[in-house]
1. For region 1-129, go through all pairs of different Cα atoms, get the mean of 1/r, take its inverse, and jot down that Kirkwood value in Å.
2. Once the other residues with Cβ under 14 Å from the Cβ of Leu13 are scored (Lys, Arg +1; Asp, Glu -1), what is the net sum?
3. Taking the square root of 5 times each eigenvalue of the Cα gyration tensor, what semi-axes in Å does the equivalent ellipsoid of region 106-180 have, largest first?
4. What does the convex hull of the Cα atoms of region 5-58 come to per residue, in Å³, rounded to a whole number?
5. Taking every DSSP beta bridge with both residues inside the chain, roughly what % is antiparallel (nearest 5)?
6. Using a Debye calculation, one point per C-alpha and no hydration shell, please list log10 I(q)/I(0) for region 170-260 at q = 0.22 Å⁻¹ in order.
7. Which three semi-axes in whole Å describe the equivalent ellipsoid of region 25-83, each the square root of 5 times a Cα gyration tensor eigenvalue, listed largest first?
8. Once you treat every alpha carbon in region 123-280 as an equal point and sum by Debye, what is log10 I(q)/I(0) at q = 0.17, 0.20 Å⁻¹?
Amino acid sequence: MPFRQITVIGTGLIGGSFGLAVKKRGFKGRIVGSDYTQVLKQAKKLGAIDDAEPDPIKAVQGSDLVLLAAPVGAIIELVERVGPALPPKALLTDVGSTKGEILARAAKTFGKHASRRFLAGHPMAGKEHPGVECSDADLFQGAVWFVTPSPGQKILEGRAGEFLDLVKQIGAGVASMKADAHDQLCSWISHLPQFVSTALAATLVDEYGEEAPLLETGGRALREMTRIAGSPYSMWRDVALTNKKNIQHALLRLEQRLAHIRENLDTRELALEFERAHHLRKFVTGAKKKTKRK
């Protein structure tokens, strides 16, 4: 691997899993973690990092690659704080769920050098529990790792290309798109499901109380639909703030669809809704069959 030292700022689920993943795939260099002292102790105990440094400015010294694995708001602040302290040839990248404001801060911080110093990224991987104790060396296996290049950035060259090779080695597939397209897409495929799950779980608590054994009696479907409702507000607050318009639009469209279903529970329209919904699963099943034939 071309990297000799990697700094991971934010050693929770994603940061910890990244450390475990690169080690499992043969990284022999040094991984420095930066986070709260107690979190760093746990990350080091699990083998996700080799050294702990709570101060992010000190943590990036000597690193070839710096990964910002924190909530979006913290990433925006860290880009500006850590950027000027980076070693001359180091690449700064992130895992934020929204990209528009992060890229804007990188452009402000690095100016004309932004395309060489920073690569915006977002792995579509995670769990409902965020702690480093839930880290998994195979978390990124089969996941999509979005990148949203700066204007004119050649993501397959230099440090960016080396980093994306590393992403592929840990099992993820790389997909590139513009930041606004990414934020619009993720409002549907990631952010909307989270808020639907949260709303369903909160409504059930209102309806039946906090102590009702609903998950035990509701079966697998209810457990699956409310699983991510356990995700922390601290992470999703920043997503909502930085992608508000796209999320509002997606929620409104879903509200309209739910209203249509509510008003047609006793008409043929309900059957048509089921038929239309089945097309989503048919496409997934068809794609899997084609992959197996290949």
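The values are calculated or read from the model by the stated rules, or taken from the named source; none is laboratory data. Please read these numbers as outputs of a predicted model, since none were measured by experiment. Don't worry about glycine lacking a Cβ; one is built from the backbone with ideal geometry, like all the others, and counts go over all protein chains shown. Heavy atoms of the whole protein, side chains included, go into the accessibility calculation; ligands, DNA and RNA do not. Shrake-Rupley method; radii C 1.70, N 1.55, O 1.52, S 1.80 Å.
1. Details: mean 1/r = 0.0692 Å⁻¹.
Computed over Cα pairs of region 1-129, the Kirkwood hydrodynamic radius comes out at 14.5 Å.
2. Details: positive: Lys127; negative: Asp35, Glu128, Glu133, Asp136, Asp138.
Result for the neighbourhood of Leu13: -4.
3. Details: eigenvalues 125, 40, 24 Å².
After scaling each eigenvalue by five and taking roots: 25, 14, 11 Å.
4. Working: hull volume 3.2 nm³, N = 54.
Per-residue hull volume (Cα only) is 59 Å³.
5. Details: 3 of 24 bridges.
About 10 percent, rounded to the nearest 5.
6. Rounded to two decimals, the profile gives -1.17.
7. Working: eigenvalues 73, 40, 23 Å².
The answer is 19, 14, 11 Å, longest axis first.
8. These q points yield log10 I(q)/I(0) values of -1.26, -1.45.
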